[in-house]
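One structure, as structure tokens, below. Some questions next.
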């Protein structure tokens, strides 16, 4: 558990379309661009080793922020350097945050001043979904995987706890960036599961994200 008092006011951010990090989940990343290699080097020098994952805003009006307002911070928990200077890293989700403003500076990567308020639940223990009908969920999930041509280890999925199952599927399913953002912003595990089911059902019907989330 990461104490809220240890969360920094300013963090480096990694804008990556379609990449979703959730609290207590793990996100593997392949880092090779020079600006993000610099970000990683600087992050490794800090005590908290925090990087914020955030989605870019597509089609943002001129003069407005090009980042979504909410992202999720992760702590760098593993990294491996390749022979040619690239990194394979893992971020473990800590807490969502709300962007206050971007911070101007001399770093080649972006940094933001952030607010952690409103996401206290993220810093606690794993969530449970008391209304979770796992049989109905897996029946829909199986049809969705067949429709999309996806494969998985069904035994491991069925043995996973509620939060691990729902969050892992939210991160791994091939949804559009705006769908991923909706999953990130879900206020509880129950609402994230409901959002996930809506996206799965509309994908099987050939519907779009805009229709699914209205």
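Where a number appears in this text, it was derived from the coordinates with a stated rule and is not lab data. From a predicted model like this one, the values you see are computed outputs, not experimental measurements. Note that each Cβ is placed from the backbone with ideal geometry, even for glycine, and that neighbours are counted across all protein chains shown.
Given the C-alpha centroids of segment 77-125 and segment 5-58, what is the distance between them in whole angstrom?
3 Å
Could you tell me how many degrees, from 0 to 90 and to the nearest 10, lie between the Cα long axis of helix 162-172 and the main elongation axis, the longest principal axis, of the Cα atoms of the chain?
Taking the Cα atoms of the chain, the angle to 162-172 is about 70 degrees.
Restricting to Cα pairs below 8 Å that are 6+ residues apart, what does the relative contact order work out to for the chain? Please round to a whole percent.
Values: 343 pairs, mean separation 47.7, N = 214.
For the chain, the relative contact order is 22 percent.
Still on this structure, I have one more. Give, in whole angstrom and from largest to smallest, the semi-axes √(5λ) of the equivalent ellipsoid of segment 134-212, with λ running over the eigenvalues of the Cα gyration tensor. Please report the intermediate quantities before stating the final value.
Details: eigenvalues 66, 51, 22 Å².
Three semi-axes, in Å: 18, 16, 11.
Relative contact order, percent, of segment 1-122 when contacts are C-alpha pairs under 8 Å separated by at least 6 residues?
On the way: 250 pairs, mean separation 38.9, N = 122.
Normalised by residue count, the contact order of segment 1-122 is 32 percent.
Starting with the fewest neighbours, write out 121, 192 ranked by other beta-carbon atoms found within 10 Å of each beta-carbon. Don't skip to the answer; put the middle values down first.
Working: 121 14, 192 23.
Lowest count first: 121, 192.
Test of understanding: ordering 116, 154 by Cβ neighbours within 10 Å, fewest first, what list do you get?
Details: 116 18, 154 12.
Lowest to highest Cβ neighbour count: 154, 116.
For segment 4-120, with equal point scatterers placed on the C-alpha atoms only and solvent neglected, what are the log10 I(q)/I(0) values from the Debye formula at q = 0.12 1/Å, to two decimals?
Those come out to -0.40, one per q.
I've got another one for you. Is the C-alpha gyration tensor of segment 8-68 telling us rounded, prolate or oblate? Criteria: a/c under 1.5 is rounded; beyond that, a/b larger than b/c is prolate, otherwise oblate.
Details: a/c = 1.67, a/b = 1.51, b/c = 1.11.
Prolate shape, in that a/c is at least 1.5 and a/b is the bigger ratio.
A follow-up question, please. Go through 34-47, 67-80 and give me the packing order, highest mean Cβ count within 10 Å leading.
Numbers: 34-47: 14.3, 67-80: 18.1.
Sorting 34-47, 67-80 by mean packing, highest first, produces 67-80, 34-47.
Next up: Against the longest alpha carbon principal axis of the chain, how many degrees, from 0 to 90 and to the nearest 10, is the axis of helix 134-148 turned?
Helix 134-148 sits at roughly 80 degrees to that axis.
Measure nothing but the geometry: give the 0 to 90° angle between the long axis through the Cα atoms of 189-205 and the longest principal axis through the Cα atoms of the chain, rounded to 10°.
Once rounded, the angle reads 60 degrees.
If you don't mind, another one. Just to compare against my own numbers: the Cα pair-distance distribution for segment 64-171, 5 Å bins, whole % per bin, please.
2, 8, 13, 15, 14, 16, 14, 10, 5, 2, 0
Could you state the orientation-averaged shadow area of the convex hull built on the Cα atoms of segment 57-107, in nm² to one decimal?
Values: hull surface 22.6 nm².
Approximately 5.6 nm², given one-decimal rounding.
Relative to the compact globular guide of 2.2 N^0.38 Å, what is the alpha carbon radius of gyration of the chain, as a ratio? The partial results should precede the final answer.
On the way: Rg = 17.7 Å, N = 214, 2.2 N^0.38 = 16.9 Å.
Output field value: 1.05.
Indicate the gyration tensor shape class of segment 83-141 (rounded, prolate or oblate), computed on the Cα atoms with a ≥ b ≥ c the square roots of the eigenvalues: a/c under 1.5 is rounded; otherwise a/b larger than b/c is prolate and the rest oblate. Could the numbers behind the result be given before it?
Values: a/c = 3.09, a/b = 1.62, b/c = 1.91.
Note, shape of segment 83-141 comes out oblate.
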